[in-house]
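The values are calculated or read from the model by the stated rules, or taken from the named source; none is laboratory data. All of these numbers come straight from a predicted model, not from anything done at the bench. Positions of Cβ are backbone-derived with ideal geometry, glycine not excepted, and every protein chain shown enters the neighbour counts. SASA here: full protein model, heavy atoms, side chains in, ligands and nucleic acids out. Shrake-Rupley method; radii C 1.70, N 1.55, O 1.52, S 1.80 Å.
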Amino acid sequence: MVKPKRIIIKEEYCIGCRLCEIYCVTKHSCAKEIIKMYKEKKIASESGICFEEKGSISFAIQCRHCDDAPCLEACITGAMFRDKDTGRVLHNKEKCVGCWMCVMVCPVGVVKISQSEKRVASKCDLCIDREFPACVENCPNEAIYVVDYEGKKITKE
Amino acid sequence: MEYEQLKLIEKSVKIPSGCGVAGIVNKNANRFSGEMIVSSICMMKDRGNGLGAGYAGYGIYPEFSDKWCLHVMYDKTGEKEKVEEFLEARFNIVEQEPIPVRKVKSLSFIPVLHRYFLDIKNKFSDNLTSEEDFILETVMKINRNFDGACVFSSGKNMGIFKGVGHPDEIAEFYNIHNYKGYTWIAHNRFPTNTVGWWGGAHPFGILDWACVHNGEISSYGINRRYLENAGYYCTFYTDTEVITYLFDLLCRRHKLNFEMCSYVLASPFWEEIERETDVKKKKLMKFLRIIYASAMLNGPFAIIVANSSVLIGMNDRLKLRPLVAASKDDFVFVASEESAIRKICPHPERVWMPEAGKPIIVHLQENKNYGEIKKYK
Amino acid sequence: MAKSKNISDFVIERDQNRCIKCHACVRVCANDVHFKDDATSEVASDDSKCVGCHFCEDLCPTGALVIRKNPSETRENAHWKKEYIYRIVRQAETGGIVLTGMGCDRPYKNYFDHILLNAAQVTNPSIDPLREPMELKTFIGRKIDAVNLDDLNWKTTSIDEIMSGLLELEVPIMFSAMSFGSISLNACKAIAEAAKLCGTYWNTGEGGLHQSLYPYADRAIVQIASGRFGVSSEYLSRAAAVEIKIGQGAKPGIGGHLPGEKVSQEISLTRMIPQGSDAISPAPHHDIYSIEDLRQLIFAIKETVDYKKPVGVKIAAVHNVAPIASGIVRAGADFITIDGVRGGTGAAPVVIRDNVGIPIEIAIAVVDQRLRDEGIRNQISIVAAGGFRTSSDIIKAITLGADAVYIGTSALIALGCHVCQKCYTGKCNWGIATQDPYLTRRLNPEIGTKRLCNLLRAWSLEMKEMLGGMGINAIESLRGNREQLRGIDLSEIELKILGIKHAGESW
């Protein structure tokens, strides 16, 4: 399996449907069925995506998993850590105390304050347990795609 | 079925046939008896079903070698007089006689068979582009306009003999063994229909081209329309007719050599053309394929075509029909099956299978001027 | 004035049990059909605005939406059908010409559906395209009648001269003229790149050649139409071939009109007209009022391109198409494009689109036959256009006598189009027939290119199967080979015009 490094945005093809968010939430709620999950309010998390929109321009941005991640430096409990296997910046909710320093220092503003849980930050984990991030897989216009450590586009065949 | 009905079918629809073909050529233009070809084609009796056979011999009329010879069959009373009137207006008839035949019991629907040796009248020769085109036009006119007449041979110093029957019966009927020629081709037909009309048998000939063919040309529709565009009217609905006309168009009118002609009729695949290393040849192959796209013969075939100076054996692009060649001394043999060659030449020097689309071209020595054969050994 | 009844063409069924209120439909519909009802907090729809493009239905993550034809019917009347009644209603309200997009949708006899293909059995073998070569390569342009050793200088250069004027197609399918303006730049890019990748050609339409399409110009047939938009010597010199457009199947005899609001900066630069001004293509070319004028234009272009590129003429299939085609050959054109009654458009009056012209099947048959009767068929290539839906339509067109075909509508369908016929509104939800930056971004040319290449690949595979079935391994042996066709359920005159026999007749 190719290791995904980060998600690249092609904002010129973002159609602003925000389906990426829907699928992100669904995936992170460990749900298989969108309808039931939404209808019965079994949403366990919120999306790791920040959706920005102005006029006809829109895009979805996720954690960049920076090589030199300021959030790692800022975290006082070590809840924010770099995964040794994948090199991703991940977040351990158990350790998080909700100081929001990560939110403050993130240069792209993709670490969010969790609305569903108290005093916890929330961010994209590139779908750690899947081969292909859910948002990328479901983008109807391929406006987001994932690249590996060499910067090569990973395609799902 | 009635004869008229059978004839109508043959003249209005295309009857698929399987066949046996054979050809013998003496490269030094030494004449030999037709017995050889008869024995060769009869070896492949089960490639036919008794519904058509025929022979073409070159050099068989040395005494009239510079006269146009028309073999005509009549199957309607009164038609002969009309055709002769038509011919007399255009030609000086040097000699005419019934084609000598023998009675063969098993043959039926036998037409009246007559041959004419002709000179074109002077008044025509002045404004003719070529004598050949005049003959072509004459033959087309008779075959299109006289329902009861069919010109089935129209070359110089050559003749086609054909009919509905097994090859041995047809040979006996025409006394093929009595003729001497330097090139012989023969055909044994396996039509999928009942046929009765003698005009539908093969070889098919125009001018001194004669052609025998085993196969079915799937591109027939477009080949025919292409020829019509060039002034050839296909009156027989057979693949062989189309092939013969294409040879006449390409080799005589457009003056392509036989190799070029083979690039047109059994075009090399684009991949092959791409692989060709000789740049000039590559261009030529591509060019011919583009220009003569509608002349390409598609579908399975093995053909043997002859004229006074050459014999060509050729397969389709995939070699979907059999064709074997052999040589010994100054003889070259081609046939559908090796047995047909071994029968008359038990120990050939060389036996080979021509590749798909690659023709065997046998040029006759000292006989390179088209249509003018003067010297025999 | 009293409010009209506003009967909608479609009804939108939203399954509230499935709708998760994600508002994706609300966000994407260019016709503002869906909306969030603040009072009830439900998502609701206004059926009357729906054009039936199915974009929302495709996008909905839960399948909560179904777009259905409005079952509401007027009293059954074979003559006064619903569409005529409502057309009158609309015209009574607006006093205008009713516009539409795409090709004729009337149920005229579709001859493709009445033609059957042959296959080889016993007397000749069929050929397996997986095992044997199967050739679709096609050349478009002027070919000489005969190679005569006396006429032709056999130096290879003279062969080069003749061959340089030919377009080489890997598949006999090209992309039809659709201008940047009528479709989005992203759509143009997808088409142009697909043409280049698949070894075929695309057509600029009368929209000029946008700078970003220069890399695909060597695969472009550039059009010169009555408005002369975007025409410059550079435009001609970059292209692979030039096509003079006299008419198009969807609107024979009618000009074009790109409204000023669509003339953005990019279009303005490409068409060489001021931004915001209407781009009006006159009905006729005002320098072509007769066949000899056409000849002059053809040769003016040939002079410009140094006789190195084929120059073609596109006409709509009309009653007199055969003699017109013959005239075009004699006027010096290298290929002729015939666009049948089902040919598409970005905008046309519905009465014109649906009532003018003849089907392409018939036009191919009569033009090919006429050119053969006159002995000039070899001099020109026939490109047919107008409503090819499947590879078998194309095979039949080629067998009737076309050298290659243009596909427009089917290419757009591959890009997402659902043939809602609202191209003229500029609100194409699929990002095809629009210039709205909010909508054009919906067509990712990378995806589009892939899909178009897939379509061409799929169709060429099918064509090879059909060819092989007939025992033919090169497309040129099928071209004009009408013996391979049989008519079904056709009258004697129809068979005669198509030049084919009826099913049941042998060779």
Counting only DSSP beta bridges with both partners in chain C, the antiparallel fraction in percent, to the nearest 5, comes to 40 percent
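Which shape class applies to the protein assembly as shown: rounded if a/c is under 1.5, otherwise prolate when a/b exceeds b/c and oblate if not, where a ≥ b ≥ c are the square roots of the Cα gyration tensor eigenvalues?
Values: a/c = 2.67, a/b = 2.14, b/c = 1.25.
Prolate.
Kindly provide the trypsin sites (Lys or Arg not before Pro) of region C:301-365 that DSSP labels as loop, not H, G, I, E or B, and whose Cβ sees at most 12 other Cβ atoms within 10 Å.
Numbers: sites: C:K302, C:K308, C:K314, C:R330, C:R342, C:R353; in loops: C:K308, C:R342.
Loop-located and lightly packed - C:K308.
If I take R0 = 60 Å and measure r between the Cβ atoms of C:Y438 and B:T192 in this structure, what FRET efficiency does the formula 1/(1 + (r/R0)^6) give, to the nearest 0.05? List each step's numbers first, then the result.
Values: r = 66 Å, r/R0 = 1.10.
The value I calculate is 0.35.
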Which value in nm describes the separation of the simple spin-label points at C:H502 and C:Q211, placed 7 Å from the Cα toward the beta carbon? 6.3 nm
What is the extension gain from C:Y84 to C:D278, computed as 0.36 nm multiplied by their sequence separation minus the C-alpha to C-alpha distance, in nm to one decimal? 66.8 nm
Amide H neighbours of C:H502 at under 5 Å, excluding residues fewer than 5 places away on the same chain, with H built from the backbone geometry, are C:G487
In nm, to one decimal, how far is the modelled label at B:D330 from the one at A:E53, with both set 7 Å along Cα→Cβ? 9.5 nm
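With 24 Å as the limit, write out which pairs from C:K137/C:K309; B:K7/B:K121; B:K282/C:K189; A:K41/A:K93 have Cα-Cα distances beyond it, or answer none.
Details: C:K137/C:K309 19 Å; B:K7/B:K121 33 Å; B:K282/C:K189 35 Å; A:K41/A:K93 21 Å.
Check vs 24 Å cut-off fails for B:K7/B:K121; B:K282/C:K189.
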Scalar couplings 3J(HN,Hα) for region C:488-502 by Karplus 6.51 cos²θ - 1.76 cosθ + 1.60 (θ = phi - 60°), nearest whole Hz, x for Gly and Pro, are 10, 6, 10, 7, 4, 5, 5, 4, 5, 5, 6, x, 10, 8, 7
Carbon/sulfur accessible area of the protein assembly as shown, % of total, 1.4 Å probe, equals 51 percent
If only Cα atoms are counted, what is the Rg of region C:202-350, and what is its Dmax, in Å? 14.9, 42
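Take the Cβ-Cβ distance between C:K308 and A:D83 as r, set R0 to 60 Å, and report the resulting FRET efficiency rounded to the nearest 0.05.
Once rounded, the FRET efficiency stands at 0.45.
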Could you check the spin-label model distance between C:Q121 and C:N17? Points 7 Å from the Cα along Cα→Cβ, value in nm. 5.2 nm
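Explain nothing, just the number: relative contact order of chain C, from Cα pairs under 8 Å at least 6 residues apart, as a whole percent. The partial results should precede the final answer.
Working: 1043 pairs, mean separation 98.3, N = 507.
Computed over chain C, the figure is 19 percent.
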Fraction of antiparallel bridges per DSSP, the protein assembly as shown only, in percent to nearest 5: 80 percent
Hey, if you put +1 on the Cβ of every Lys and Arg and -1 on every Asp and Glu Cβ in region B:1-157, which of B:G50, B:A149, B:S130 ends up farthest toward the positive end of that dipole? B:G50
What aspartates and glutamates sit close enough to C:K82 to cross-link, taking a C-alpha to C-alpha distance under 19 Å and skipping anything fewer than 8 places away on the same chain? C:D9, C:D47, C:E73, C:E93, C:D105, C:D354
Which value in deg cm²/dmol, rounded to the nearest 500, describes the helix-derived mean residue ellipticity at 222 nm for chain C, given -39,500 (n - 2.57) per DSSP H run of n ≥ 4 and division by the residue count? -9000 deg cm²/dmol
Dipole size in debye (nearest 20) for the protein assembly as shown around its Cα centre, Lys and Arg Cβ +1, Asp and Glu Cβ -1? 1740 debye
Equivalent-ellipsoid semi-axes of region A:8-76, from the Cα gyration tensor, Å, largest first: 24, 21, 9
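If I take R0 = 35 Å and measure r between the Cβ atoms of B:E276 and B:Y233 in this structure, what FRET efficiency does the formula 1/(1 + (r/R0)^6) give, to the nearest 0.05? Walk me through the intermediate numbers first.
On the way: r = 36 Å, r/R0 = 1.04.
That gives a FRET efficiency of 0.45.
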Compute, for C:T440, the solvent-accessible surface of its heavy atoms (probe 1.4 Å) with the complete set of protein chains present, and express it in square angstrom to the nearest 10. 20 Å²
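Determine the calculated [θ] at 222 nm for chain B from helices alone, applying -39500 (n - 2.57) to every DSSP H run no shorter than 4 residues and normalising by the residue count; nearest 500 deg cm²/dmol. Please list the in-between numbers first.
Details: 12 runs with 110 residues, N = 377.
Estimated from H runs of four or more residues: -8500 deg cm²/dmol.
Nearest 500 deg cm²/dmol is fine: what mean residue ellipticity at 222 nm does chain A get from its DSSP H runs of n ≥ 4 alone, each adding -39,500 (n - 2.57), divided by its residue count? Numbers along the way, then the final one.
Details: 5 runs with 31 residues, N = 157.
When only DSSP H runs of four or more count, the value is -4500 deg cm²/dmol.
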For each cysteine in chain C, check whether another cysteine's C-beta sits under 4.7 Å from its C-beta; list those where none does. C:C19, C:C22, C:C29, C:C50, C:C60, C:C104, C:C188, C:C198, C:C417, C:C423, C:C428, C:C453
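Sort largest first and round to whole Å: the equivalent ellipsoid semi-axes of chain A, each the square root of five times a Cα gyration tensor eigenvalue. Please report the intermediate quantities before stating the final value.
Details: eigenvalues 104, 78, 51 Å².
Each semi-axis is √(5λ); the values are 23, 20, 16 Å.
Roughly how many debye, to the nearest 20, is the charge dipole of region C:10-96 about its Cα centre, given +1 on each Lys and Arg Cβ, -1 on each Asp and Glu Cβ, and no other charges?
My answer is approximately 220 debye.
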Loss of accessible area when C meets B, both sides summed, Å² nearest 100, probe 1.4 Å: 4000 Å²
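Accessible area, 1.4 Å probe, largest first: how do C:I273, A:I8 sort?
Reading off the accessible areas and sorting them downward yields A:I8, C:I273.
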With a 1.4 Å probe, how much accessible area is buried between chains C and A, both sides summed, in Å² to the nearest hundred? 2000 Å²
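Quick check for me: using +1 on Lys/Arg Cβ and -1 on Asp/Glu Cβ, what's the dipole size of chain B about its Cα centre, in debye to the nearest 20? Don't jump to the answer; show the numbers that get you there.
On the way: 48 positive and 46 negative charges, 139 e Å.
With Lys and Arg at +1 and Asp and Glu at -1, about 660 debye.
With a sphere of radius 14 Å drawn around the Cβ of C:T345, what net charge do the other residues whose Cβ falls strictly inside it have (Lys, Arg +1; Asp, Glu -1)?
On the way: positive: C:K245, C:K251, C:K314, C:R342, C:R353, C:K422; negative: C:D105, C:E206, C:D339, C:D354.
Value of the local net charge: +2.
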Heavy-atom surface of the protein assembly as shown, accessible at 1.4 Å and reported per residue (Å²): 41 Å²
With DNA, RNA and ligands ignored, accessible area of B:I9 (1.4 Å probe; Å², nearest 10): 40 Å²
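Starting from the Cα gyration tensor of region A:63-115, take the square roots of the eigenvalues, sort them a ≥ b ≥ c, and report rounded, prolate or oblate (rounded when a/c is under 1.5, otherwise prolate if a/b is larger than b/c, else oblate). Display every interim value, and only then the final one.
Details: a/c = 1.61, a/b = 1.18, b/c = 1.37.
Because a/c hits 1.5 or more and a/b fails to exceed b/c, region A:63-115 counts as oblate.
Shape call for chain B from the C-alpha gyration tensor, a ≥ b ≥ c root eigenvalues: rounded (a/c under 1.5), prolate (a/b greater than b/c) or oblate?
Numbers: a/c = 1.35, a/b = 1.22, b/c = 1.11.
Note, shape of chain B comes out rounded.
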Could you work out how far the C-alpha centroid of region B:254-332 sits from that of region C:66-126, in angstrom? 50 Å
Output row, site B:N145, 7 Å Cα→C-beta label point, backbone N cut-off 20 Å, window region B:62-88, residues B:69-88
With all protein chains present and a 1.4 Å probe, the order of C:E446, A:E94 from largest accessible area down is A:E94, C:E446
